[in-house]
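Reviewing the structure listed below.
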Amino acid sequence: MRRRTGVAMAGVAGVAALVWGEWLNRRWSRALVENGEGVAEAEAVVVLGYRNPQATANFINRWRVRAGIRSIATDSARGTRVIFSGGAAGSGRAEALLMADYAKSGLAFDGTVLLEDRSRTTWENITNVIPLLEDADRIKIVSQPAHALKARAYLRRRRPDLAERLVRADDYRPGEWMAAKPLLALYGLRTLRGLKADERKILP
């Protein structure tokens, strides 16, 4: 009886962790964005890179590229630029280049691509892509939800006027990465603690 009870409790705890991770990632994906209504003549989709010392895009960067491309709005596809942002990890090629290569050769993406290949931190990602966002009507930042939210908070800090153009990217989907979402949620809570106190107050 005790064993059955223990198994049942472990099962309930596992389900609760999955639901919590799903819920928190969903909330983060919807924070610090506008509704995005209306047609945009110029849309910018910023895909943030992840540590990538190997010669080809790693699993996480490949997913981020796919999420970036699926974030392109159908009503502004011709006016959308996809900006890959990330410098080199060690002596390897820049993450931006690896992601662009995967988008073109792996996904046959033939849209407009811009590269920002010097950044080594999220703060540098945002700082260095700002000149590429000046004329964008809509801005989407793509990464795992907590990381993307941190980047949106940084843009809000650096350029509040550009932050007003932020809309949701398609980097959260129910059930996607579900088994990993509790861990992503824990990591995300740690990541977002690095924001300023006044920024944390406006987060969900």
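The values are calculated or read from the model by the stated rules, or taken from the named source; none is laboratory data. This is a predicted model, so every value here is computed, not measured. For neighbour counting, all protein chains shown are included, and Cβ atoms are generated from backbone atoms with ideal geometry for every residue, glycine included. Just the protein is used for accessible areas: all its heavy atoms, side chains included, with ligands, DNA and RNA removed. Shrake-Rupley method; radii C 1.70, N 1.55, O 1.52, S 1.80 Å.
List of remarks:
- When only Cα pairs below 8 angstrom with a gap of at least 6 residues are kept, the stretch 28-133 shows a relative contact order of 28 percent.
- Of the residues 59, 84, 109, the one with the largest accessible area comes first in the ranking 59, 109, 84, computed with a 1.4 Å probe on protein heavy atoms.
- Positive-end extreme of charge dipole, the chain - chosen from 111, 42, 61 (charges on Cβ): 61
- Rounded to the nearest 10 Å², the accessible area of residue 72 at probe 1.4 Å: 30 Å²
- Calculated [θ] (222 nm, deg cm²/dmol) that DSSP helices of n ≥ 4 give over the chain, each run adding -39,500 (n - 2.57): -13500 deg cm²/dmol
- Residue 184 accessible area, assembled protein chains, probe 1.4 Å, Å²: 50 Å²
- Under 5 Å from the amide H of residue 166 lie the amide H atoms of 34, 139, each residue being 5 or more positions distant or on a separate chain, with H modelled from the backbone and absent for Pro and chain starts.
- Cα Rg, Dmax, the chain, angstrom units: 18.0, 66
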